[in-house]
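**Q** Below: one structure in structure tokens.
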Amino acid sequence: MRRALAPVLALAGLSCARDLELPTSSPPRIDSVQVLGLESSAAPVPLPVLGGELVAIRGGGFTSGGALEVEIDGLDAELLDVAQDRVVARVPTLDAFGTVDVLVRTSVGFRTQAGALRYEGAGQPLGFGT
């Protein structure tokens, strides 16, 4: 039994510096999704939105990976403003109502916020005046 432990103990002294290095870039991070202009208030989860509405996605790493894409329920969202920690996107018109995911993709990876939005239709809800 002592012989079996000798190689293991010999390997324990080796360093693995490669495994300890921090990556120079990482996938984007999503901290919150909020209706544009209401970012300072607490958002209900999932956030109720309509097609065409603007949402602000807060997080990080949005501009570090080159090209940026945002998908809402698998459809591309129009990007209106992009900064390192905030993206403004227009919610596309979706086929179905209900809870949907938001995906942010850069060249170094992607992040998904599951159930971030509750899609309630394309346009103004019934009962509201113009």
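The values are calculated or read from the model by the stated rules, or taken from the named source; none is laboratory data. The structure presented is a predicted model; accordingly, all values stated were derived computationally and were not measured. Note that each Cβ is placed from the backbone with ideal geometry, even for glycine, and that neighbours are counted across all protein chains shown. Keep in mind that these areas ignore ligands, DNA and RNA; they rest on the heavy atoms of the full protein, side chains included. Shrake-Rupley method; radii C 1.70, N 1.55, O 1.52, S 1.80 Å.
**Q** Can you work out which of the residues in region 93-104 that are open to solvent by 20 Å² or more (accessible area, probe 1.4 Å) and closer than 20 Å to Arg58 by Cβ is nearest to the chain's Cα centre (by Cα)?
**A** Leu103
**Q** Which one is most open to solvent (accessible area, probe 1.4 Å), of the residues in region 31-67 that are among the hydrophobic types (A, V, I, L, M, F, W, C) and closer than 17 Å to Thr112 by Cα?
**A** The first filter runs over region 31-67 and keeps only residues among the hydrophobic types (A, V, I, L, M, F, W, C), leaving 33, 35-36, 38, 42-43, 45, 47, 49-50, 54-57, 62, 67.
Add one more test, that the residue is closer than 17 Å to Thr112 by Cα, and what stays is 33, 45, 47, 55-57, 62, 67.
Values: Val33: 17, Val45: 133, Leu47: 6, Val55: 2, Ala56: 1, Ile57: 1, Phe62: 1, Ala67: 74 Å².
By that ranking, first place goes to Val45.
**Q** Of (1) of a type outside the set (Ser, Thr, Tyr); (2) in contact with an Asp or Glu (Cβ under 8 Å, 6 or more places away or on another chain); (3) in a loop (DSSP other than H, G, I, E, B); (4) farther than 10 Å from Arg29 by Cα, Ala56 satisfies all except one. Which?
**A** (3)
**Q** Yes or no: region 112-127 includes at least one residue that is open to solvent by less than 60 Å² (accessible area, probe 1.4 Å), under 12 Å from the mean Cα position of the chain (by Cα), on the phi < 0 side of the Ramachandran plot and of a type in the set (S, T, N, Q).
**A** Scanning region 112-127, I find no residue that is open to solvent by less than 60 Å² (accessible area, probe 1.4 Å), under 12 Å from the mean Cα position of the chain (by Cα), on the phi < 0 side of the Ramachandran plot and of a type in the set (S, T, N, Q), so the answer is no.
**Q** Which condition does Ala89 not pass, out of (1) open to solvent by 70 Å² or more (accessible area, probe 1.4 Å); (2) within 13 Å of the chain's Cα centre (by Cα), if it passes all the others?
**A** Every listed condition holds for Ala89 apart from (1).
**Q** Inspect all residues belonging to region 68-79 and state whether any of them is at pLDDT 95 or above, among the aliphatic types (A, V, I, L, M), outside any loop (DSSP other than H, G, I, E, B) and open to solvent by less than 40 Å² (accessible area, probe 1.4 Å).
**A** yes
**Q** Output the residues belonging to region 80-108 that are charged (D, E, K, R) and in a loop (DSSP other than H, G, I, E, B). Working first, answer last.
**A** Going residue by residue through region 80-108, those that are charged (D, E, K, R) are 81, 85-86, 90, 95, 101, 105.
Those that are charged (D, E, K, R) and in a loop (DSSP other than H, G, I, E, B): Asp85, Asp95.
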